């Protein structure tokens, strides 16, 4: 077991664990944000640079600090390592610049985009970005294309995180979509507008941190913050069948995978569950899904507190678990 | 305990002869009425005559068009989210090829309704709008006979496409906002 200290919190992790995974084990505010890393996809990470941290002590044997900030998603922990994330002004300053970089070719069309309200880049730029842009040049523009019957690709909004490429490569058989061209000309696409047709191809929508890949069955139907999220499940022959329904009244607007606190799906769901089953009778509803109070999706959704529950005035946390 | 210093104790004593004629009381009352005839009237003859109201008075909403006559609203739903009275509802639709002159963005509001009976004219929708599409105006909402008539759709809310009939909202925008719109790198907002 290796000892690592992140922002003063010490934990022990197994050899081969990355700094990011160690931080996630500790949890809370010290977890670096990620745009490209996805723990369920092999080889992901190292592209967006949002998870950069400062290693102030390399290891017990070699206590020199690392000369540059390192990407925590791809740097393995060494014994006795000391890492600074939110306690280092250098890291926060760099993260600000990274957000500016990511937004260079990202259109500010959040009012139009279906991802708004649950977008990782939107959250990141609210948390770390600056409120004005210095970029005056023309942003790159692409036509919106269909890849498959149910997925729409907005290449304008893509930040080239490669998550969708890894998803298609790893959880479906047969590689049909990837990154074309190089450098700032690169774009994700399929082979000459080939459709991504596979039982699990819809998961590229869930892994996409921005609104580049969106659900065509939900396109412009509603805004995420007007919908209620419900945990649902069904007996599905292809996948685990556990999902989240985005509902208004008795109408299911869309079905997505269940995302954990780091924005990663717990289980990948199949296309039949995602696109075809939009009737309440197809599903068994478990109950409302907990959404973070900081998310806009939870606006105007009130929780009924258990009798006697106390809201701690210091950190505004509910001390007894609430019942909805 | 008394709540006011104007209380009078009512007595049942017999009226005097003069009092029982009632005439002094009638003339006293008439005098007050006649006095008011010659005073300046506090009512006005609406609708021929209208009161002066502020430039930033919050009355009926309009949905603005841009310089090229395209609807600015993109049905993002932020006005409906901000609305404390939940008066705004909308249904979005996707712009199809050939409609570029009608709508600015690829998404637009197919249905946009404001219930003028629910609306409290707070102006939060105006502040929430990222596209400068919705504004409140000085127009006072008309009286109607039915409740349904107060649900204003796009036919009543969208401003006329004719340049001369456009509604000027520049006085509602502060210098800071107007200056912000001039910035080159903020041109997505223009």
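Readers should treat all values here as calculations from the given coordinates under stated rules, not as data from a laboratory. Being a predicted model, the structure only gives us computed values, none of them experimental. Counting neighbours? That spans all protein chains shown, and the Cβs are built from the backbone with ideal geometry, glycine included.
Values for this structure:
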| quantity | calculated |
| --- | --- |
| Kirkwood hydrodynamic radius of region A:57-111, from inverse mean 1/r over distinct Cα pairs, in Å | 13.4 Å |
| Nearest-0.05 FRET efficiency for residue A:39 and residue A:62, computed from C-beta distance (R0 25 Å) | 0.35 |
| Geometric extent, Cα atoms of region A:1-77 - Rg, Dmax (angstrom) | 11.9, 32 |
| Relative compactness, region A:103-215, computed as alpha-carbon Rg over 2.2 N^0.38 Å | 1.07 |
| Largest to smallest principal axis extent of the C-alpha atoms in region A:224-289, angstrom | 29, 28, 19 |
| Angle between chain B longest axis and helix B:23-37 axis [Cα atoms, degrees, rounded to 10] | 30 degrees |
| In nm, spacing of pseudo-spin labels at residue A:279 and residue A:133 (7 Å Cα→C-beta vector) | 4.5 nm |
| FRET efficiency, 1/(1 + (r/R0)^6) with R0 41 Å, evaluated for residue A:143 and residue A:236 via beta carbons | 0.75 |
| GNM flexibility winner over chain A from A:183, A:211, A:241 (Cα, springs under 10 Å) | A:183 |
| Directionally averaged shadow of region B:76-190, computed from the convex hull of its alpha-carbon atoms, nm² | 8.6 nm² |
| Whether chain A is rounded, prolate or oblate, judged on the alpha carbon gyration tensor where a/c under 1.5 counts as rounded | oblate |
